[in-house]
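J.: Pasting a structure here, questions to come.
Derivation of every value follows stated rules applied to the coordinates shown; laboratory data play no part. Here the structure is a predicted model, which means the values were calculated and not measured. Counting neighbours? That spans all protein chains shown, and the Cβs are built from the backbone with ideal geometry, glycine included.
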Amino acid sequence: MSDGVAPTILTVHAHPDDEASKGAPTLAMYGSRGVRTVLVCCTGGEEGDLQNPSLAEPGQPFHGLDEAASRQLLAEMRPVELARSAEVIGFSEVVMLGYRDSGMAESDANAHPDCLHCADLDIVVGDLVEVVRRERPEVIITYGDDHSGYPHPDHIRVHEISVLAYERAGDPSWYPGRGAPYQPLKLYYSTWTRRRIEAVHRALIAKSGESPFDESWFERMDNDHRVTTRIDVTGFMWARTGALRAHATQVDPSEAFWFGLDDAELETVYPFEDWILARSEVGEIPSHDSEGDLLDGINIGVTR
């Protein structure tokens, strides 16, 4: 890399709307600084349920449609919603990997031959490697290795393929003909920290006397000690809010879980997004909370 060449951050997600709830302010901030940001969405989100009461009662078909027609319309709408969300966040590129939503474990959808869960692992990794070799990101962001809080088959598979793609993209013995070998420099895991949940929970109680974060949230495994990187996203919370609202079929605009605090309140309560640096080719993994920039250690020429 030479000075003056903007770096690339590539983030891998399972379904349309995941990009809105995990890292939207961080990616919007980097995009505003001239960093090229690429979103890879592995499935079309066909198994998502309607969650917006203005369209239908949660989990029910669209008003006036039967179940089959409703599922078809939902499948058509979700990529459109993703495009709107990506525009809000400011992604430079959106890549659809083309697999079908696997649904939850043991559901009928989880056995669909076109779903991500059923696809051959090496083939899916090859698809992602081809994207990595084409986009040449210095940084890859994916889901973490702890799935105890939300063991969705597609989230588990996204973690698996991202780690393997990071390892194989630079190895010429893997996937010849799918692009020139290229080794990314850093691999990060996204995480919802206990400290963030607790901060938002306390703020919601103080504001309205109630919170959607029940005891089950505080019984989940606490990975806060693994966090290496805190990104201050002050001034970019709008990306999260706008991106979530773009997914009109999936997000109830009156839901306190997402919108109980406005952007300014969120920034006061917890103005950070937390990340776990899992792999690095540019030095040792930093200690807890010691890194403040996903591009630390990377020799790039961009305003930061």
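J.: For a quick check, take a GNM of the chain with Cα springs below 10 Å and name the residue from I276, I231, I140 with the largest mean-square fluctuation.
T.: Greatest mean-square fluctuation among the candidates belongs to I231.
J.: Roughly how many nanometres apart are two label points built 7 Å out from the Cα toward the Cβ at A105 and D222?
T.: 2.5
J.: Right, next: Compute the projected area of the convex hull of the Cα atoms of region 123-172, averaged over all viewing directions, and report it in nm² to one decimal place.
T.: On the way: hull surface 14.4 nm².
With the hull built on Cα positions only, its mean projection is 3.6 nm².
J.: Here's another thing I want to ask about it. What GluC sites (Glu not before Pro) in region 246-300 are in a loop by DSSP, with at most 11 other Cβ atoms within 10 Å of the Cβ? Don't skip to the answer; put the middle values down first.
T.: Details: sites: E255, E265, E267, E273, E281, E284, E291; in loops: E255, E281, E284.
In loop regions of region 246-300 (DSSP not H, G, I, E or B), the sparsely surrounded GluC sites (Glu not before Pro) are E284.
J.: Right, next: Can you tell me, using C-alpha contacts under 8 Å and at least 6 residues apart, the relative contact order of the chain as a whole percent? It would help to have the intermediate numbers written out before the result.
T.: Working: 574 pairs, mean separation 78.6, N = 304.
Contact order relative to length: 26 percent.
J.: Strictly greater than 16 Å: what percent of every Cα pair in region 190-241 meets that?
T.: The share of Cα pairs beyond 16 Å in region 190-241 comes to 53 percent.
J.: Ok, one more. Could I have the simple spin-label model distance between R33 and R195, label points 7 Å from Cα toward Cβ, reported in nm to one decimal?
T.: 2.0
J.: Further, regarding this structure: If you take every DSSP beta bridge whose two residues both sit in the chain, what share of them, in percent to the nearest 5, is antiparallel? Show your work: numbers first, answer last.
T.: Values: 9 of 30 bridges.
Around 30 percent antiparallel, to the nearest 5.
J.: Mind checking which of Q60, Q72, Q51 has the largest fluctuation in a GNM of the chain, springs on alpha carbons under 10 Å?
T.: Q72
J.: Each residue of region 271-279 in order: what ³J(HN,Hα) in whole Hz does its phi give by Karplus 6.51 cos²θ - 1.76 cosθ + 1.60, θ = phi - 60°, with x for Gly and Pro?
T.: x, 10, 10, 10, 9, 10, 7, 9, 9
J.: Let me ask something additional. Using only alpha-carbon positions, what ratio does the radius of gyration of region 37-93 give when scaled by 2.2 N^0.38 Å? Please report the intermediate quantities before stating the final value.
T.: Working: Rg = 13.0 Å, N = 57, 2.2 N^0.38 = 10.2 Å.
Here the Cα radius of gyration is 1.28 times the empirical estimate.
J.: Moving on. In square nanometres, what is the average projected area of the Cα convex hull of the chain? Numbers along the way, then the final one.
T.: Working: hull surface 63.6 nm².
Average projection, Cα convex hull of the chain: 15.9 nm².
J.: With +1 on each Lys and Arg Cβ and -1 on each Asp and Glu Cβ, how big is the dipole of the chain about its Cα centre, in debye rounded to the nearest 20? The partial results should precede the final answer.
T.: On the way: 26 positive and 52 negative charges, 192 e Å.
In debye, rounded to 20, the chain gives about 920.
J.: Normalised by the empirical 2.2 N^0.38 Å for globular proteins, what value does the Cα Rg of region 27-154 take? Walk me through the numbers before you get to the answer.
T.: Numbers: Rg = 16.5 Å, N = 128, 2.2 N^0.38 = 13.9 Å.
It is 1.19.
J.: Right, next: What per residue convex hull volume, in Å³, do the alpha-carbon atoms of region 152-304 yield?
T.: Numbers: hull volume 25.6 nm³, N = 153.
Convex hull of Cα atoms, per residue: 167 Å³.
J.: Taking the square root of 5 times each eigenvalue of the Cα gyration tensor, what semi-axes in Å does the equivalent ellipsoid of region 249-291 have, largest first?
T.: Numbers: eigenvalues 215, 43, 8 Å².
Those come to 33, 15, 6 Å.
J.: Helix-only estimate, please: 222 nm mean residue ellipticity of the chain, summing -39500 (n - 2.57) across DSSP H runs of length 4 or more and dividing by its residues, to the nearest 500.
T.: Result for the chain: -10500 deg cm²/dmol, rounded to the nearest 500.
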